[in-house]
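*Asks:* This is the structure I want to talk about, given as structure tokens.
The values are calculated or read from the model by the stated rules, or taken from the named source; none is laboratory data. All of these numbers come straight from a predicted model, not from anything done at the bench. Note: ideal-geometry Cβ built from the backbone for every residue, glycine included; neighbour counts use all protein chains shown. Just the protein is used for accessible areas: all its heavy atoms, side chains included, with ligands, DNA and RNA removed. Shrake-Rupley method; radii C 1.70, N 1.55, O 1.52, S 1.80 Å.
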Amino acid sequence: MKKKLCIFTLILCIGIGFVFAQSEGDYRTRDNVSGNWNGTSVWQKYTDGQWTDVSTYPSSSDGVITIRSGAIVTTIVNLLVDQLIVEGRLHVRLHSLTINDGLGIDLTVTGTGVLDVSSNIVNNGQIRVFGTLSDLTGSGNISGIGAFTLENG
């Protein structure tokens, strides 16, 4: 029994390591930052095994993009994204956010995440919402909801 428990624990630890592993080209917000998506001071990029400052903001051609818990990001440009994780808050304002169809879930709003939509989201991929989806102005629009999943939200 102890041997099976040890093997299970080892497999679980390795699996968790893969889930939380970073890849070259991943983007994330700085801690507790508020700002516009295209503001380079909002973002960090995983390069050569460490998080570094950036000179460009993330898009669909980059790795996983994470808006961390405590961060508030507002779109002020039209965006095309893939592999976007919202743990904090994303305001989609005035410009469109297009979800590109890539591998796996293309937009995830976690249990702590909030997606505020007062403009347009075009869903060409898969959206999964565990957190909050809100339309603050009554004018938000999400099109292409064929692959849209609400989980406990």
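*Asks:* Can you name the residue in the stretch 134-147 that is modelled with pLDDT under 80 and not in a loop (DSSP other than H, G, I, E, B) and is also surrounded by the most Cβ atoms within 10 Å (Cβ to Cβ) among such residues?
*Replies:* My answer is ILE142.
*Asks:* I'm told SER69 meets every condition in (1) under 19 Å from LEU94 (Cα atoms); (2) surrounded by fewer than 19 Cβ atoms within 10 Å (Cβ to Cβ); (3) modelled with pLDDT of 95 or more; (4) under 13 Å from the mean Cα position of the chain (by Cα) except one. Can you identify the failing condition by its number?
*Replies:* Status for SER69: all satisfied but (1).
*Asks:* Going residue by residue through the stretch 84-92, is there one that turns out to be buried (at least 16 other Cβ atoms within 10 Å of the Cβ) and more than 17 Å from SER134 (Cα to Cα)?
*Replies:* Within the stretch 84-92 (the criterion being buried (at least 16 other Cβ atoms within 10 Å of the Cβ) and more than 17 Å from SER134 (Cα to Cα)), the answer is yes, since at least one residue qualifies.
*Asks:* Looking at the stretch 33-66 only, could you name the residues that are open to solvent by 20 Å² or more (accessible area, probe 1.4 Å) and in a strand (DSSP E or B)?
*Replies:* Answer for the stretch 33-66, where residues must be open to solvent by 20 Å² or more (accessible area, probe 1.4 Å) and in a strand (DSSP E or B): SER34, GLY35, ASN36, GLN44, LYS45, TYR46, THR47, GLN50, TRP51, THR52, ASP53, THR66.
*Asks:* Also: Quick check on the stretch 94-124: of everything there that is of a type in the set (Ser, Thr, Tyr), at pLDDT 85 or above and part of a loop (DSSP other than H, G, I, E, B), which residue is farthest from ASN78 (Cα to Cα)?
*Replies:* THR112
*Asks:* Which ones in the stretch 26-41 are within 14 Å of the chain's Cα centre (by Cα) and not polar (S, T, N, Q)?
*Replies:* Matches in the stretch 26-41: ASP26, TYR27, ARG28, ARG30, TRP37.
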